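Colleague: The structure follows.
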Amino acid sequence: MAVLTQNTSASNSRIVSEATVPKGSYAAICLDVEDNFGVERFKYGSETEKEKIDTTTFYFGIKKGPECYVIRSKPFKLSLHEKSALFQFLKQWANETPKPGFDTVSMQGQPAQITVEHSMSAKGRIYANISSISPIMEGLEKLVPKAAEFAKLLKPQEVKAHKEEDEEADEIPF
């Protein structure tokens, strides 16, 4: 698994295309799962106190006619607590409760039915967001695009290099 820095804006996104995904419901394929460790953010309900968390983000490929698009989920805190956003997202997607020890990477290559809605930033930029997810409806499996169709639209994950001091710390001192 690659360890990455958090993507916080479109400028450092792994998505190559600048095209905004149109609103609507789509048969989608999970192209990749990206984990970020030690992401700093404000604690829930606090504007001053920060915490470091681990997050996961899902990348989906969808097609509308001949056009291919890539959309990513919001970054989810890695938590399988029943009230966590990740737990609810996975439960809706798989139509079952995730079990302890569940690996989010196992969702790579899995189909989904996603609904995309738009929101506008304070500066007037339109963003596409995944508003709902569910298993692909029976009989619509043939509409799920192939992952290979999106190869040019999603940059590969970059592996974060280890620091020399970390390597030295792993050595046995005798």
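Colleague: Suppose the filter is touching a residue at least 12 places away in the same chain (Cβ under 8 Å) and either touching a Ser or Thr at 6+ places or on another chain (Cβ under 8 Å) or of a type in the set (Phe, Trp, Tyr) (or both); does Val16 pass it? Working first, answer last.
Modeller: Numbers: touching a residue at least 12 places away in the same chain (Cβ under 8 Å): yes; either touching a Ser or Thr at 6+ places or on another chain (Cβ under 8 Å) or of a type in the set (Phe, Trp, Tyr) (or both): no.
Criteria not met by Val16.
Colleague: Just the residues that are surrounded by 15 or more Cβ atoms within 10 Å (Cβ to Cβ), modelled with pLDDT of 90 or more, in a strand (DSSP E or B) and out of contact with any helix residue (DSSP H, G or I) (no Cβ under 8 Å at 6 or more places or on another chain), please, taken from segment 1-35.
Modeller: Of everything in segment 1-35, those that are surrounded by 15 or more Cβ atoms within 10 Å (Cβ to Cβ), modelled with pLDDT of 90 or more, in a strand (DSSP E or B) and out of contact with any helix residue (DSSP H, G or I) (no Cβ under 8 Å at 6 or more places or on another chain) turn out to be Tyr26, Ala28, Asp32, Glu34.
For every residue, the table says whether it meets (1) within 25 Å of Phe37 (Cα to Cα); (2) at pLDDT below 90.
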position	(1), (2)
Lys83	yes, no
Ile136	no, no
Ala161	yes, yes
Glu168	yes, yes
Glu171	yes, yes
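Colleague: Scan segment 124-136 residue by residue and report those that are part of a loop (DSSP other than H, G, I, E, B) and in contact with a strand residue (DSSP E or B) (Cβ under 6 Å, 6 or more places away or on another chain).
Modeller: Ile136 - this is the single residue of segment 124-136 that is part of a loop (DSSP other than H, G, I, E, B) and in contact with a strand residue (DSSP E or B) (Cβ under 6 Å, 6 or more places away or on another chain).
Colleague: Related question: Kindly list the number of the only condition in (1) out of contact with any Gly (no Cβ under 9 Å at 6 or more places or on another chain); (2) surrounded by 14 or more Cβ atoms within 10 Å (Cβ to Cβ) that fails for Lys74.
Modeller: It is condition (2) that Lys74 fails.
Colleague: Could you grab me the full set of residues in segment 100-110 that are under 14 Å from the mean Cα position of the chain (by Cα) and either within 23 Å of Gly24 (Cβ to Cβ) or of a type outside the set (Val, Ile, Thr) (or both)?
Modeller: Asp103, Ser106, Met107, Gln108, Gly109, Gln110 - these are the residues of segment 100-110 that are under 14 Å from the mean Cα position of the chain (by Cα) and either within 23 Å of Gly24 (Cβ to Cβ) or of a type outside the set (Val, Ile, Thr) (or both).
Colleague: Right, here's the next one. Taking Pro111 as meeting all but one of (1) in contact (Cβ under 8 Å) with a residue 60 or more places away in the chain; (2) touching a Phe, Trp or Tyr at 6+ places or on another chain (Cβ under 9 Å), write down the number of the exception.
Modeller: The failed condition is (2).
Colleague: Quick check: anything in segment 97-117 buried (at least 16 other Cβ atoms within 10 Å of the Cβ), of a type outside the set (Phe, Trp, Tyr) and out of contact with any strand residue (DSSP E or B) (no Cβ under 9 Å at 6 or more places or on another chain)?
Modeller: yes
The values are calculated or read from the model by the stated rules, or taken from the named source; none is laboratory data. Quick caveat, the model's predicted, so the values are computed rather than measured. As a convention, Cβ positions derive from the backbone with ideal geometry for all residues, glycine included, and neighbour counts pool all protein chains shown.
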